[in-house]
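The values are calculated or read from the model by the stated rules, or taken from the named source; none is laboratory data. Being a predicted model, the structure only gives us computed values, none of them experimental. Cβ placement follows ideal geometry from the backbone for every residue including glycine, while neighbour counts extend to all protein chains displayed. To get the accessible areas, we keep the full protein, side chains included, count just its heavy atoms, and leave off ligands, DNA and RNA. Shrake-Rupley method; radii C 1.70, N 1.55, O 1.52, S 1.80 Å.
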Amino acid sequence: MNIPTISPQQLAELCRNGKIELLDVRTPIEFQELHIAEAQNIPLDQLDAAAVMRSKSSPHNQPLYIICRAGGRGRQACEKFIGAGYTNVVNVEGGTLAWAQSGLPVVRGAKVMSLERQVRIAAGLLVLVGVLLGWFVHPAFFGVSAFVGAGLVFAGVTDTCGMGLMLARMPWNRVKQEAAACRLNKEVGS
């Protein structure tokens, strides 16, 4: 599927020239740590393409720009929109990382561990535990390591990570409702 892209510099120029619709599909905690001021946060695992398009404030002929951490989740979100019949979506090349590395303005919050890093830690720990249990308890536990390895291959081939989606729903990756409501009220009131 051919998904249109835009560089962070091109997007920054559009932001300076007028209002754009920018959707950040990272977890709320990742968004809270670092985001572009113009971005609205709807995590990929909660994305309803039809609802987003109904709530769009700009004309429907204006593109919806999608951003994530490095581009992968943004591409998946674009695929969801295109699959739902909304083709005027554009993925931001390199995501928020590329935007920040370009020296463009960002809103910074408390530092958190990225979802990708959490996946690497969880996968490594599961492989290690599977090997240790297989070695010291019963050889059947080697299956845990094999299962994780197969999951990593699947994630690499499909660019979809089940472990990442599961970790995104964990309590430490959620923003407390009161804080989110205060932030929303502050944005609406300004």
Where the accessible area of the chain is counted over protein heavy atoms with a 1.4 Å probe, how much of it, in %, is carbon and sulfur? 62 percent
May I ask you to give the solvent-accessible area per residue for the chain, in square angstrom, as obtained with a 1.4 angstrom probe? 58 Å²
Would you mind estimating how fast the chain diffuses translationally, via Stokes-Einstein at 4 °C and 1.567 mPa s with the Kirkwood radius over Cα pairs, in µm²/s? 71 µm²/s
Residues with amide H under 5 Å from that of Gln40, placed H, sequence gap 5 or more: Leu22, Leu23, Asp24
I want to check the label-to-label distance for Val157 and Met170. Put each point 7 Å from Cα in the C-beta direction and report it in nm to one decimal. 2.7 nm
How much of the calculated P(r) for region 17-129 lies past 19 Å, in percent of all Cα pairs? 46 percent
Add +1 for every Lys or Arg and -1 for every Asp or Glu among the other residues with Cβ under 13 Å from the Cβ of Val52, and state the total. 0
The extension gain from Asn2 to Lys56, computed as 0.36 nm times the residue separation minus the Cα-Cα distance, is 17.1 nm
Can you work out the FRET efficiency for the pair Val137 and Arg108, with r the C-beta to C-beta distance and R0 = 41 Å, to the nearest 0.05? 0.35
Gain upon complete extension [Val129, Ala37; 0.36 nm per residue less C-alpha separation]: 28.9 nm
